[in-house]
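What follows is a set of notes on a single structure, which appears directly below.
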Amino acid sequence: MNWKALTNKEELQAAIDSSYKEAIAIYKHSTNCGVSFMAKKTVERFWDLEIEAYFLDLITYRSISNSIAETFSVEHQSPQMLLIKEGKAVYHASHGSIDLEKMSEHI
């Protein structure tokens, strides 16, 4: 799996813009949280989707995490997976509710 890092708001906007051509995934990760670490490893192990996957270290880039919550009207969570299609969050889940099979139904 090849994560694309989100490190600034311009990259976030470019990712959102690309969602008008093809759905994208955004994974919000806390580097201070064991649950987030385990969820990331599970996502990486079972990832078989052919879409771009973006990774956000929300501890380092909290302002981008806040922008995601505001832009997509979702409560901030960590870990959190969002599927963005045509500029809208069509799926979002956090913690143990992250389900790649369920997410793939929305692509």
*Within the range 67-90, can you find the residues that are under 22 Å from residue 37 (Cβ atoms) and either modelled with pLDDT of 95 or more or buried (at least 19 other Cβ atoms within 10 Å of the Cβ) (or both)?*
68, 69, 74, 77, 78, 79, 80, 81, 82, 83
*Within the range 1-30, which residues are in contact with a strand residue (DSSP E or B) (Cβ under 6 Å, 6 or more places away or on another chain) and assigned to a loop (DSSP other than H, G, I, E, B)?*
6, 19, 23
_Just checking, does the range 43-59 include any residue being within 18 Å of residue 93 (Cβ to Cβ), at pLDDT below 95 and within 13 Å of the chain's Cα centre (by Cα)?_
yes
*Looking at the range 29-61, which of the residues that are among the β-branched types (Val, Ile, Thr) and either under 13 Å from residue 81 (Cα atoms) or touching a Leu at 6+ places or on another chain (Cβ under 6 Å) (or both) is surrounded by the fewest Cβ atoms within 10 Å (Cβ to Cβ)?*
42
*Close pairs from the range 41-57: first in a helix (DSSP H, G or I), partner surrounded by 12 or more Cβ atoms within 10 Å (Cβ to Cβ) and hydroxyl-bearing (Ser, Thr, Tyr), Cβ under 7 Å, at least 6 apart*: 43/27
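The values are calculated or read from the model by the stated rules, or taken from the named source; none is laboratory data. Predicted model, so just to flag it, every value in this text is computed and none were measured. Neighbour counts run over all protein chains shown; Cβ positions are idealised from the backbone, glycine included.
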